[in-house]
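Take a look at the structure below.
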Amino acid sequence: MAPEQLQGREGDHRADIFAFGCVLYEMLAGRKAFDGANPLAVIAAVTNSEPPPIPALAAHPLLAHVLRRLLEKDPERRWQSIADATAELQWIRDNPAAAIETSGKTPVRRGTWRAPLGAGLLAAALLAAGALFAGRRGT
């Protein structure tokens, strides 16, 4: 659940954007964005803390930026439409050199499997965002 819902406020489409951010984080990190030993600890993490950084995103600050905006605690500061996040993800996909240039770092190449894995995860995220957006448009 989004932080505003856990605090007893009414949720809207921005709560779904937060949920998409949680799913994207888990796809990229291989772990949940917010975890705890029990449900109360998870609620505390969602409402009070930021998810741990994903080391693999150090060379991709634009993707890290997308995650921060999706997981923004304040729904007013979160993206107001999943189309905004989708457009940003598509831009990152279409401009990989710009994403790397923004980091100011040269990417470390340790294995040839990482690029296809990252592309596959990004494609899955785009498909999920598109499905969410299409479902929202139909209702």
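Read-outs: derived from the displayed coordinates by stated rules, not from any lab. Not measured: the values here are computed from a predicted model. Because the Cβ atoms are built from the backbone with ideal geometry, glycine has one as well, and the counts that use them run over all protein chains shown.
All other residues with a Cβ under 13 Å from the Cβ of Glu4 taken together, and with Lys, Arg as +1 and Asp, Glu as -1, what is their net charge?
-1
Skipping prolines and chain starts, which residues have an amide H placed within reach, meaning under 5 Å, of the one on His60, given they are 5 or more residues away or on another chain?
For His60, whose amide H was placed from the backbone, there are no distant partners under 5 Å.
Using a Debye calculation, one point per C-alpha and no hydration shell, please list log10 I(q)/I(0) for the range 1-51 at q = 0.17, 0.25, 0.31 Å⁻¹ in order.
With no solvent term, the Cα-only Debye profile gives -0.50, -1.00, -1.22.
Hey, what do the phi angles of the range 8-14 turn into as Karplus ³J(HN,Hα) couplings, whole Hz, using 6.51/-1.76/1.60 and θ = phi - 60°, x for Gly and Pro?
Ordered by residue, 3J(HN,Hα) equals x, 8, 5, x, 9, 4, 6 Hz.
Note down the nm distance, to one decimal, between modelled labels 7 Å out along Cα→Cβ at Asn48 and at Leu6.
That separation, rounded to one decimal, is 1.0 nm.
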